[in-house]
Amino acid sequence: VGAERGRWPWPRDVLAEAIATIAEARPRALFVNVIFSEADPAHPDADRALQEVAAAYPFIVHPFVRLPPGNDRYSRLDASRLPNARPLAGRGVVPDPVAVVLPAFADLQRNLGAANLYQDDDGIIRSYVYWLHTDAHALPSAATAMLLAARAEAPPSGDGLLPRLNWRNKRGDYLRVSF
């Protein structure tokens, strides 16, 4: 693609074609780790292509970004309105505003997972949050949203489980697949 279209970022219609090609292989879930937070006014046809692909495959998951909780008071979005948001027991806060960056198009908001990673005090990421908590809801991480889209069992939403990440590859190599 690079020789034909140049360097990243590639046009959205190219990404839509790639996503559709992968989706046609019928994975249980597919995470598109690019947030399309604004329309591309110069290429509305490419935006439409992306939306059509998202609408055609219900197992595609798109990211959202959870902004720092201090921004929640400025938001008009209630956490309960996000896909797969789960109420937290004993926290009947209404309303429950949450500040997030969402994909710009409704078709890309069907399955959402938080793309946030949180570092330790020394700047290294060693754990992963399956659910991000607001005052009254648990919002799915990207990994949790993938499990839900695949109709697999997701981790419990209320336990705040932080699994440790093991970045080592025991095989000693990494499989690379060209885009």
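Read the figures in this text as sums done on the coordinates, not as results from a lab. Only a predicted model underlies this, so the values are computations on that prediction, with no experimental measurement involved. Cβ coordinates were reconstructed from backbone atoms using ideal geometry, including for glycine residues, and neighbour counts include every protein chain displayed.
Among the trypsin sites (Lys or Arg not before Pro) within the stretch 34-94, which fall in a DSSP loop and have no more than 12 other Cβ atoms within 10 Å of their own Cβ? The partial results should precede the final answer.
Working: sites: Arg48, Arg66, Arg73, Arg76, Arg81, Arg91; in loops: Arg76, Arg91.
Passing sites in the stretch 34-94 are Arg76.
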Note, ³J(HN,Hα) from phi for the stretch 62-70, Karplus 6.51, -1.76, 1.60, rounded to Hz, x at Gly and Pro: 10, x, 10, 10, 7, 6, x, x, x
Please list, ordered by chain and number, the residues whose modelled amide H lies under 5 Å from the amide H of Phe31; skip anything fewer than 5 residues away on the same chain. Val61
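Within 10 Å, count the other beta carbons around each residue, average over each peptide in 118-130, 19-31, and list them highest first.
Going from most to least packed, we get 19-31, 118-130.
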Kindly work out what percent of the DSSP beta bridges joining two residues of the chain are antiparallel, to the nearest 5. 60 percent
So for the stretch 15-90, using the alpha carbon gyration tensor with a ≥ b ≥ c as root eigenvalues (a/c under 1.5 gives rounded; past that, a/b versus b/c decides prolate or oblate), I'd call it oblate
Looking at the chain, I'd like the Rg to Rh ratio, where Rg is from alpha-carbon atoms and Rh is Kirkwood's inverse mean 1/r. 0.99
Whole-Hz Karplus couplings 3J(HN,Hα) for the stretch 148-155, θ = phi - 60° and coefficients 6.51, -1.76, 1.60, Gly and Pro as x, run 5, 5, 7, 6, 9, 6, 8, x
